[in-house]
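In what follows, a single structure is set out as structure tokens and then discussed.
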Amino acid sequence: MSGFTGDESMKIKDITATCLYSPEINENASDSAQDTVVVEIHTDEDITGIGEVDAPPSVIKSYIDMPSSHDISMSVKKIVVGENPLDIERIWRKLYYRTMMAGRRGIGINVIGAIDMALWDIAGKYYGEPVWRLLGGAQKDFALPYASLPTLQDPTDVQEDLLRRQVSFARSKGFRAIKFEELVNSRERDIESVRLARETAGDSIDLMLDAYYCWPDFRTADIAIRELEKFKPYFVETPLQVDDLDGMSKLAATSKVRIASGELLTTVSEFVDLIDRGKVDIAQPDIGRVGGLSEARRIADYARIRGVQVIPHCWKTGISISASLHFCIATDNCPYFEFLVKELAPSYLRLKLLKKEPEPNDGRIRPPNSPGLGIELNYDVVEECRK
Ligand SMILES: [Mg+2]
């Protein structure tokens, strides 16, 4: 646990977590961008790094602020303050080992993820380089965000007009791929909504389907996916519960459609299981939740060895979206990343939290030149939404 301590350079002064809530919260909505926790790491060189994680804000804040209990249940703040923020991997490991009693998976990793994101932002600002360059450089001329459509939230009917409007809008903005979350495990309805979406999108769009755990078991999912195959979905996301790895591996063997999962997992260790036992075609780490850009890179490296694509999950503000963008630019086996289109997003925080963030142009985003994550918080909105 000892490390290099003779370093006189930049030091972390403080770490703060701010809980933000949209003015209106619908707790039954499938919308995790209604609230957020912004983690800021302050240094003695006037550089501040910004991170975020998709997890219950007040729990993340308490976890960061809690005092030490003992040597493997240490205060996060104590571990981080005094470190050189450029020592990203050293800090990651130290956090992991010294919080592993309550940490190691779940919330403990979510916290490390937000910190890691902020550290990469600091490193970029310090070196005057965008994060994608520090991750090893651009693997592509532009990154492709896929338009993730908000759920239409009507369990009884396919809302044809709304569905067509959303898909048409995303298409008109130049998005090459569109995902929608309208499967409800109701045969005729599901076929009808996917048919409408495909008809509206046209054949050149990659149409992604989020099943959002609607099927109870392998057999049900298998029958349903076979019926949807004719609409040529690019992938079916979370067809089964996260821990049903054997069910997913059977689906991967029988289905002609790519199987995608991973949005709720934390650490590369869980992705090793998802890939090797679950046999998924596409791994979907959420950059903050999985342990930050550092851990997402390890997942991409492992996935590459196994011939698996990585398409990050992200249903959050521009902070996490920017982290996904930098990851996508620097990662060869990442064809798309999830993107909440502002004009379609119901979330106040998605719309308002940032003053500056990378924006798509004709459905694609070129590698941004701004240092760090290339984002700027709107502190008026922070004040308005903090609780
Ligand atoms: Mg999903």
(request) Report the residue, chosen from Asp116, Asp31, Asp281, that carries the largest GNM mean-square fluctuation when the chain is represented by alpha-carbon nodes joined by springs under 10 Å. (result) Asp31
(message) Per 0.36 nm of contour for each residue apart, how much would the distance between Lys256 and His70 grow if the chain were fully extended, relative to their Cα-Cα spacing?
(response) 61.9 nm
(message) Restricting to Cα pairs below 8 Å that are 6+ residues apart, what does the relative contact order work out to for the chain? Please round to a whole percent.
(response) 20 percent
(request) With a/c under 1.5 counting as rounded, go ahead and sort the chain into rounded, prolate or oblate using the C-alpha gyration tensor (a ≥ b ≥ c being the square roots of the eigenvalues; past the cut-off, prolate if a/b is larger than b/c, else oblate). (result) prolate
(request) Calculate the dipole size of the chain relative to its Cα centre from +1 charges on Lys and Arg beta carbons and -1 charges on Asp and Glu beta carbons; express the result in debye to the nearest 20. (result) 700 debye
(request) May I ask you to list the aspartates and glutamates whose Cα is less than 18 Å away from that of Lys13, ignoring any residue fewer than eight positions away on the same chain? (result) Glu40, Asp44, Glu45, Asp46, Asp65, Glu83, Asp87, Asp116, Asp121
(message) How many angstrom lie between the Cα centre of the stretch 267-295 and the Cα centre of the stretch 329-382?
(response) 22 Å
(request) Using only the Cα atoms of the stretch 248-387, build the gyration tensor, take square roots of its eigenvalues as a ≥ b ≥ c, and label the shape rounded, prolate or oblate: rounded if a/c is under 1.5, else prolate if a/b is larger than b/c, else oblate. (result) prolate
(request) Round to a whole angstrom and tell me the spacing of the C-alpha centers of the stretch 14-30 and the stretch 182-205. (result) 32 Å
(message) Treating only the Cβ of Lys, Arg, Asp and Glu as charged (+1, +1, -1, -1), what charge dipole size does the stretch 12-128 show about its Cα centre? Round to the nearest 20 debye.
(response) 620 debye
(message) As a test of the formula, what do you get for the chain when each DSSP H run with n ≥ 4 contributes -39,500 (n - 2.57) and the sum is divided by the residue count, at 222 nm and rounded to the nearest 500 deg cm²/dmol?
(response) -11500 deg cm²/dmol
(message) Positive end of the dipole of the stretch 134-378, charges at C-beta (+1 Lys, Arg; -1 Asp, Glu), about the Cα centre: which of Thr220, Cys328, Met208 has its Cα farthest in that direction?
(response) Cys328
(message) So, R0 is 45 Å and r is the distance between the beta-carbons of Glu384 and Glu192; what FRET efficiency does that work out to, to 0.05?
(response) 0.65
(request) Could you size up the charge dipole of the stretch 92-210 around its Cα centre, putting +1 on the beta carbon of Lys and Arg and -1 on that of Asp and Glu, and report it in debye to the nearest 20? (result) 860 debye
(message) Which GluC sites (Glu not before Pro) in the stretch 165-271 sit in a loop by DSSP (not H, G, I, E or B) and have at most 12 other Cβ atoms within 10 Å of their own Cβ?
(response) none
(message) What are the membrane-span-like helices in the chain by this rule: whole DSSP H runs, Cα extent along the axis at least 24 Å, mean Kyte-Doolittle hydropathy at least -0.5?
(response) 107-127
(message) Run through the stretch 240-299 and list the trypsin sites (Lys or Arg not before Pro) located in a DSSP loop whose Cβ has at most 13 other Cβ atoms within 10 Å.
(response) Lys256, Arg277
(request) Return the single residue from Gly292, Gly124, Gly136 with maximal mean-square fluctuation; model: Gaussian network over the chain, springs between Cα atoms under 10 Å. (result) Gly136
(request) Pull up all non-local amide H partners of Gln309: gap of 5 or more, or a different chain, and H-to-H distance under 5 Å with H placed in the peptide plane. (result) Ala283
(request) Just subtract the alpha-carbon distance of Ala138 and Lys11 from 0.36 nm times their residue separation and send over the number in nm, one decimal. (result) 42.8 nm
(message) For the stretch 252-322, I need the span (max minus min coordinate) of the C-alpha atoms along each principal axis, in Å, sorted largest to smallest.
(response) 37, 21, 17
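Read the figures in this text as sums done on the coordinates, not as results from a lab. The model shown is predicted, which means the values in this text are computed figures rather than measured ones. As a convention, Cβ positions derive from the backbone with ideal geometry for all residues, glycine included, and neighbour counts pool all protein chains shown.
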